[in-house]
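A short worksheet on the structure shown next.
The values are calculated or read from the model by the stated rules, or taken from the named source; none is laboratory data. Quick caveat, the model's predicted, so the values are computed rather than measured. Virtual Cβ from ideal backbone geometry, glycine too; neighbours counted across all protein chains shown. Protein only, heavy atoms only, side chains kept; ligands, DNA and RNA dropped before computing areas. Shrake-Rupley method; radii C 1.70, N 1.55, O 1.52, S 1.80 Å.
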Amino acid sequence: MAKISVDGIEYEVDPDNNLLQECLSQGLDLPYFCWHPCMGSVGACRQCAVKQYRNAEDKNGTIVMACMTPASDGSIISIKDHQATDFRSHVIESLMISHPHDCPVCEEGGECHLQDMTQMSGHNYRRYDFKKVTHRNQNLGPFIGHEMNRCIACYRCVRFYNDYAGGEDLAALGSHHHVYFGRHEEGTLENEFSGNLAEVCPTGVFTDKTFSAHYTRKWDLQTAPSVCAGCGVGCNTAPGERYGTVRRVVNRYHHDINGYFICDRGRFGYDANSSDQRIEVARFRHGQESQFNTLSALEAKRQLNAMIGGDVIGIGSPRASLESNIALRDRVGVQNFYAGFSDGQFNCLQEVTKSLRETGLVCPSIRDIEQSDCILLVDEDITNTSARLALAVRQASRSAATELAKEARIPLWQDAAVRELAQNTRSPLIILSPQGTRLDDVASELHLLRLTEQLHLLQAIAHVIDPQANDLDDYSEANSSLANNIAEQLCRAQRPCLVSGISAESPALVKACTNIGKALRAHHSKNAESPRPIGLCFAMPEANSMGLALLLESGGKSLGAALQRLAQGNVDAAIVMENDLSLRVSAVALEEALAGQTPLLVLDQQHNSFNAKAQLLLPTASVFEQHGTWVNYEGRAQSSYQVFRPSEGILPAYEYLSITDPVQQCLVSSELIIQELARSDSRFNSLTDLRPPRTGISASMKSPRQSHRYSGRTAMYAQAHVHEAQQEQDRASSLAFSMEGVMLQKDASLMASPWAPAWNSNQAISKFQEEVNGELKQGSKGVLLCSRQSNASPYERFDIDSEQKLACFAIAHLFGSDEISAQAPAIQARCVGPYVCMGQSLANALGIRQHGLVQLETATVRVQLPVIIRSKIAQNCIGIYCANEVDKYALLNGKVALQAVSEHESHIASSRAMFDLLLIKDALRGEA
Amino acid sequence: MTDRPLTKNIDMSREPFNLGQYRHAGGYDGVLRMFKEMSPSDVLETVKNSGLKGRGGAGFPTGLKWSFVPSGDNAPKTKYLVVNADEMEPGTFKDRLLMEGDPHLLIEGMLIAAYTIQANTAYIFLRGEYLRAEALLRKAIGQAKEQGLLGKNIQGSGFDLEIILHTSAGRYICGEETALLNALEGKRANPRAKPPFPQVSGLWGKPTIVNNVETLCNLPGIIRYGVQWYKNLGKGADAGTKLCGVSGRVKKPGCWELPLGTPIRELVDDLAGGMSGGYELRAFLPGGGSTDFLLPEHLDLTLDYDVIGKAGSRLATGTMIILDDQTCPVGMVGNLMRFFSHESCGWCTPCRDGLPWVDSIFRRLESGEGKDADLQILTEHLEYLGPGRTFCALAPGAMAPLGSALKHFREDFEAHIRTGACPWQK
Amino acid sequence: MTDTQLIASSALKAQARALTEEELREIEHELTLYPDKRAVGLEALKIVQKHQGWVSDESLLAVANYLEMSAHELDGVATFFNLIFRQPVGRKVMLFCNSVSCYIMGCEKIKARISEQLGIDYGETTADGEYTLIPVPCLGDCDRAPVMLMDGEQQRNLSIEKIDELLAKRAIENNSGSGIRQ
Ligand SMILES: Cc1cc2nc3c(=O)[nH]c(=O)nc-3n(C[C@H](O)[C@H](O)[C@H](O)COP(=O)(O)O)c2cc1C
Ligand code: SF4
Ligand code: FES
């Protein structure tokens, strides 16, 4: 700790930081642009100038940039000094000389950091009376709008996009007052985190294009703290609603998870909520009738109750909230409750939960991963399955740079200097994968291996680290030196981390990774003085994969078992909740099950081919429309709050499934379900602490979802009603659907959208952090459900399949593999059709050219798909992207025969067009 | 011994000395003796004691700068020497003379500097428009390589040096040493934050010394003839000689090597032959476009870093630009402002957005449409773009002629506004 | 245009051309001089420009591909420097110094003369594609101002007469050659 004096007041600060960060941590107002809390300082904008004095006698002082000056002990500075304030107002004045006066039509207006800083710096009269510099804008694709005239050249966009997120297709172009931030040619921004540009840009240059398409001012949005349902990372989000539709999703700071950034699936997938595939009314048909009748929610619920009787089974869902899964389980009884996973995932998850509970290893948070100094990434293409994890892994590769900088005494916040010093020095990031990944540019090693080869190697690594791990005598020479090398790096690391996933649906993989973790722990407990945290985590494909897995821990049953019962036809009805079973099993297996003619009662959000077969189809609420609990890959349970009431026909699944009398309209609250679970099942005890306690004022008053400035409320539905619409009541949470209530100043427990006096943009977040980049004040971090006992459980045993001639692996895409977000138009514009990829030698053997067609045939399916020949792919291996269209389980679990299709036979022109798009993207990325 | 160590071999009416001629004139003798008799730290001490100050503009003591480079066993193995040959300062034409007139002198100087800091690779960062200098340097480097004066184990000394000539593509900011490093690395030439200084983390993050051409050309003399000789060259407080030039309406514009401490009048009146017929000297910029105007009364000052500093300007590059009585001072300063505005790298706000405003105001003033408020805005920019306010020294450099012009030629500015026209435009 | 089309069209436009053997040889030589591929970006662009006269998108892409760097980043470098031409220029580029010493020595009148004779302003190219006039900062020849660099040759102590003479000479060359050149 150091003491500094700011305008005569003493503060205790961290000398390893710069003055700007420390002033903000103290709650002082000091304007800035180019500095970013997690990207450090570069000193470009000059907005953060303060006066620094050499000592108490120094009366003149010098102007310094706070962001470029260490907060060393004894520093004396002044923010208020008139020379400093004068300078800062000049900076704003000149930043504004070419800035258009388009605030009234600018998407950033009202939450614009530039507006805030202009106010704060006291510039309010334009003296510049010459022509402004103007620029041409670019079409940057479906996600990001571009209005270069608003640019103030703070360089944050390129620093985030290129330096932080590893993007390559955005650059600073030109020079002097013609610097331009864009692509060298118009075209879609390819990086998976491009959406963050809208938040990183302090003004309205980069904006959320989807938001602009149905724009609403920030203060007119109704927001609530939410959790992204895009994958199993559990990023915190703040969706905003108006007139019954979600208008946008922005990042909501979580210290341990997403920090300041979310991925583009999470940001732009929200429009699925209003897609035309949305189920909006319940429908029902008698017996074999083809005609549906529509029902009101109340009728629907009655119908459901009427149909639940006798032997009813329920199939849960990893994309449904914990509440809904509990409600279903309770409704049908534990013995009739089945997992909604594919059987492969189900088996993996059993291993994952066991590994979480019994190994005593650390399941690293995103922040932990960022700080790891050696990562072994096994098989999982995290960029496409859990993108935020990949962004963290990318940061971890800089740990070595951090060490170098410390040695050279370069402060870590000196961003450019640290990068310059480190050049290409990176910490070990060892990737085992069947094909090249988007992290290859920061990987220290990339080993292209098919799954079985990976398993052999992992066993060898575990054996090298701890010979007890397995008695291995048959690994090859090549493997042994590789294994030695990897083992050595893992052992040397202070904070090693293994990252894998369940996409390959291989329990052996989970076991193999777990064994390495255990071996490392054994190694260190013998050799190291101080125990090291050893990270092991598995990416989860869906928002509640882990929640459902935990729920099923005590004797869950697989989907396969459910389908068997259905096929036997001795069940009276089957409830399938928020689950498109056609994506979980092969078509043949599903058909066999449905042949039993069991009535299907389906609850879901979107129409699909599976729920078209339902007898009763009930529209359920999305993540935005219900209170829900979601358990992420760490086993961290988090609450999402209902952002708005869905239209009348739609209810959260758990409300349909509750037994309470619909006539009384006494709807169950998610809180009740969760509290009951916490009470009745010791594994979930800690859930009692999930929601922030209501104390003080918040006990009696609710917190508003709408801002103080929410406008037009009395007139919002004036075209339909003469009366002002009645405010919805929220009996299930501490939030109100209105602008009345207590704004919890400096309390982030229920805060979705940070605001503080003078800080209207998302930069207000620092007012809610304990210190910059610190924990949120009173913020809810969620609760960790898996207690990490360190009872040294024995090593896992597993068999490795014998090598096949040809191995298939499934490819995932950030845009497309998640069925819900794939319904959002913007995401759709980035989706590609199904394809197969293979290496050159295999293609040669088959006589297939780049972009040619290949026919895949198994006992049950035959498809023709376009081919991408990749340079980075394991030998004798093909990757298949199914795009939720092709029967994945038929292909991946069967023996596939491959055959080239002659050029003129191509049947699938339409998917071909989509495919072209993919190729072009690949080409632009420098592959192919 | 000579009293013109920089230019003794130079005669622009013929080709420069080739290696044989250069050696015949005693060239490389000093270096060869250095290899035999001096350790790197001996050389460092010598250069420190010589009092040599950087000739690139800032006048920072060269030996002191070198001493910040890590040395010893723990120091990084890779270090770089970089020659700043980007000469783009308006009104400056001295490094061109050295490179075109005696390229081996520069190579010899580089050998000395590289040996001292133990750099095995040296880059010459040459401005792209200096085509003749490029050709001559390439030839000279080739000769030196052939004769074993560059390359591995030079003359059995155990010291290796490779010199690589890099030509730029026209940006004034590349002369700023850290921007230069970025340019060499193939990046946009924005300057870097200091600290860390290049001496510690420079080119590709390795310890690096950047020196001006003329600075390096001083070294062979110092090594060959010694510190005392070098100190005696200077007539005043500063040691050595300096290339000084005069451009503008003088009878014989040109560039000469003079002992530091020579009175300015000698340069302007004797060497440059005084003002051309019909022209009067109104003021002059003593050291290139980023220095403050001095007035006729300053002609008796001596060419000394401190002396000129005390008079409110800088010796900087030592190439003076003469403003005569028939050139509009507003036009001249406007010309400089346009230059600086265009050459701003676009990194920091005051420079990127302040200079274009200043430039616009000048265009308006020159066209006779200036307003009273314009002078106020110009004045404000003096502080706003002053030293310490911007990321590098480009913008403060631009403010030097502006500030002094507003002081000395205020009436001319006002006349433009008052009469609505440029009084010099007939 | 849909985004798909947009990407497709930009991909078409962005087709890299093949670098010529000569270009490759020169770029390869540069690669031996720097520890990092990316450092050669500017040199490579200059090499391409030397051979092609300017740096087209196709050339930019070719260089970027060859150096395995992002074309966007490379364009960031290309557009930073004054002397990388991202638009076609005439066969003869006049780099005309308009800095302070030349200004004092009357370069504006010289420039006016060039413009009058050729009908082009700064940044423009004559209709016949012969001349491009580009202002450059101080050419470091201030004692012989005004100066310009044309066709690799420094033209010093420019006067109206000298300009007329230079351009007349060119005109003759042009005319005599016009029968051969189409
Ligand atoms: C905008 C700007 C342009 C500069 N241009 C040059 C230049 O062209 N040549 C040069 O030697 N120094 C130039 N300098 C000074 C260098 O940054 C640096 O101080 C010098 O190369 C150090 O060499 P020295 O110690 O030998 O003088 C420039 C500085 C600035 C701020
Ligand atoms: S003062 Fe700023 S904008 Fe100007 S050249 Fe230096 S860093 Fe670039
Ligand atoms: S925030 Fe300090 S200079 Fe930009």
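Brief remarks on what is shown
- Count - residues of the range C:38-70 that are aromatic (Phe, Trp, Tyr) and within 26 Å of A:ASN424 (Cβ to Cβ): 1
- Pairs, first more than 7 Å from chain C (Cβ to nearest Cβ) in the range B:175-189, second near ligand 1 (Cβ under 8 Å from one of its atoms) and at pLDDT below 95, C-beta under 6 Å, six or more apart: none
- Condition met for A:GLU192 (at the interface with chain C (Cβ under 8 Å from one of its Cβ atoms), closer than 23 Å to A:ILE827 by Cα and touching a Gly at 6+ places or on another chain (Cβ under 9 Å)): no
- Unique match (being farther than 30 Å from C:PRO35 by Cβ and among the polar types (S, T, N, Q)) among A:SER386, A:SER444, A:SER427: A:SER386
- Every residue from the range B:388-408 that is outside any helix (DSSP H, G or I) and within 16 Å of ligand 3 (Cβ to nearest atom): B:GLY388, B:ARG389, B:THR390, B:PHE391, B:CYS392
- Filter result (within 19 Å of the chain's Cα centre (by Cα) and more than 14 Å from chain C (Cβ to nearest Cβ)) within the range B:109-130: B:GLY109, B:MET110, B:ALA113
- Subset of the range C:15-47 [part of a loop (DSSP other than H, G, I, E, B) and facing another protein chain (nearest Cβ under 7 Å)]: C:LEU33, C:PRO35, C:ASP36
- For the range C:51-89, a tally of residues being among the aromatic types (Phe, Trp, Tyr), open to solvent by 50 Å² or more (accessible area, probe 1.4 Å) and either within 7 Å of another protein chain (Cβ to nearest Cβ) or within 15 Å of the chain's Cα centre (by Cα) (or both) returns 1.
- Counting only residues that are more than 16 Å from ligand 2 (Cβ to nearest atom) and outside any helix (DSSP H, G or I), the range B:44-56 holds 5 of them.
- The residues listed here are A:ALA238, A:ALA198, A:ALA229; of these, the one that is open to solvent by less than 10 Å² (accessible area, probe 1.4 Å), at negative phi, away from ligand 3 (no atom under 16 Å from the Cβ) and among the aliphatic types (A, V, I, L, M) is A:ALA238.
- Consider the range A:163-179 and keep the residues that are more than 7 Å from chain C (Cβ to nearest Cβ) and under 30 Å from the mean Cα position of the chain (by Cα). The one that is surrounded by the fewest Cβ atoms within 10 Å (Cβ to Cβ) is A:ASP163.
- Selection from the range B:326-371 of residues that are hydrophobic (A, V, I, L, M, F, W, C), within 12 Å of chain A (Cβ to nearest Cβ) and farther than 22 Å from A:GLN47 by Cα: B:PHE339, B:ILE361, B:PHE362
- Answer residue from the range B:343-388, given it is in contact (Cβ under 8 Å) with a residue 12 or more places away in the chain, under 27 Å from the mean Cα position of the chain (by Cα) and surrounded by fewer than 19 Cβ atoms within 10 Å (Cβ to Cβ) and is farthest from ligand 2 (Cβ to nearest atom) among those: B:LEU382
- The range A:19-57 - residue that is of a type in the set (Asp, Glu) and touching a residue at least 12 places away in the same chain (Cβ under 8 Å) and, of those, farthest from A:LYS767 (Cα to Cα): A:GLU22
- All positions within the range A:714-745 that are at pLDDT 85 or above, polar (S, T, N, Q) and surrounded by 11 or more Cβ atoms within 10 Å (Cβ to Cβ): A:GLN729, A:SER733, A:SER734, A:SER738
- On inspection, B:LYS206 passes the criterion of being over 30 Å from B:ASP325 (Cα atoms), open to solvent by 10 Å² or more (accessible area, probe 1.4 Å) and in contact (Cβ under 8 Å) with a residue 24 or more places away in the chain.
- Count of the range A:512-551 residues which are open to solvent by 10 Å² or more (accessible area, probe 1.4 Å), in contact (Cβ under 8 Å) with a residue 60 or more places away in the chain and either of a type in the set (Lys, Arg) or part of a loop (DSSP other than H, G, I, E, B) (or both): 5
- Of the residues making up the range B:319-362, those that are hydroxyl-bearing (Ser, Thr, Tyr), within 15 Å of ligand 1 (Cβ to nearest atom) and more than 25 Å from B:VAL268 (Cβ to Cβ) number 2.
- The set of residues in the range A:131-158 that are of a type outside the set (Val, Ile, Thr), in a loop (DSSP other than H, G, I, E, B) and within 16 Å of ligand 3 (Cβ to nearest atom) comprises A:CYS151, A:ALA153, A:CYS154, A:TYR155.
- Condition broken by B:ALA283, with the remaining ones in (1) more than 19 Å from the chain's Cα centre (by Cα); (2) open to solvent by 40 Å² or more (accessible area, probe 1.4 Å) satisfied: (2)
Quick grid of which residues meet (1) more than 29 Å from A:GLU111 (Cβ to Cβ); (2) under 28 Å from the mean Cα position of the chain (by Cα); (3) of a type outside the set (A, V, I, L, M):
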position: A:SER686; (1), (2), (3): yes, yes, yes
position: A:SER703; (1), (2), (3): no, yes, yes
position: A:HIS708; (1), (2), (3): no, no, yes
position: A:ARG731; (1), (2), (3): yes, no, yes
position: A:LEU735; (1), (2), (3): no, yes, no
position: A:SER738; (1), (2), (3): no, no, yes
position: A:PRO757; (1), (2), (3): no, no, yes
position: A:ASN762; (1), (2), (3): no, yes, yes
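- Index of the failed condition, A:GLN468 passing every other in (1) part of a helix (DSSP H, G or I); (2) closer than 24 Å to A:ARG450 by Cα: (2)
- Once the range B:223-268 is narrowed to residues that are within 11 Å of chain C (Cβ to nearest Cβ) and not in a loop (DSSP other than H, G, I, E, B), the residue that is most open to solvent (accessible area, probe 1.4 Å) is B:TRP256.
- Residue match in the range A:97-112 (condition: within 16 Å of ligand 2 (Cβ to nearest atom), closer than 23 Å to A:GLN414 by Cβ and crowded, with 20+ Cβ neighbours inside 10 Å): no
- Complete set of residues in the range A:201-218 that are within 14 Å of chain C (Cβ to nearest Cβ) and either crowded, with 24+ Cβ neighbours inside 10 Å or part of a strand (DSSP E or B) (or both): A:THR210
- Residue in the range A:409-423 that is closer than 21 Å to A:TYR260 by Cα and under 19 Å from the mean Cα position of the chain (by Cα) present: no
- In the range B:358-372 there is no residue that is away from ligand 3 (no atom under 16 Å from the Cβ), under 21 Å from B:ARG314 (Cα atoms) and polar (S, T, N, Q).
- Unique match (being within 14 Å of chain B (Cβ to nearest Cβ) and outside any strand (DSSP E or B)) among A:ARG394, A:ARG388, A:ARG419: A:ARG419
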